[in-house]
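Report on the structure given below.
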Amino acid sequence: MARKAKTVARKTKAAKTAKKKTAKKTAPKSASKAKKIARRPYSKADIKELRAHSKARTPVEKIAKLTKRTVGSLRQKAMKLGIGLGHQR
């Protein structure tokens, strides 16, 4: 019976150390990969450019690359301005 207790104790100890190891591995990766969001306000020139692209029916992905903004950001701004962009036209 003492032998069985030792085996159980070893298994639980191994499980605890395995949990600790996985916790250590995941925490630093998520912290190092987390990118700080740098929000840039839209200037009048940016809005004018967005309106021009909307009239020219430029694809949203292309606008995003040219303006160095995300597709979601461009879609949100276009919706607030009331102009069509992408599939919303």
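Dipole size of region 44-88 about its Cα centre, with +1 on Lys/Arg Cβ and -1 on Asp/Glu Cβ: approximately 80 debye, rounded to the nearest 20. Modelled spin labels at Ala56 and Lys77, positioned 7 Å past Cα toward Cβ, are 1.5 nm from each other. Relative to a virtual label point 7 Å from the Cα of Ala45 in the Cα→beta-carbon direction, which members of region 60-84 show backbone nitrogen distances below 16 Å? Residues passing the 16 Å test: 66-69.
Mean sequence separation of contacting Cα pairs (under 8 Å, at least six apart), scaled by the length of region 44-88, corresponds to a relative contact order of 42 percent.
Read-outs: derived from the displayed coordinates by stated rules, not from any lab. Computed from a prediction, not measured in an experiment: that's the story for all the values here. All Cβ positions, even for glycine, are placed from backbone atoms using ideal geometry, and neighbour counts span all protein chains on display.
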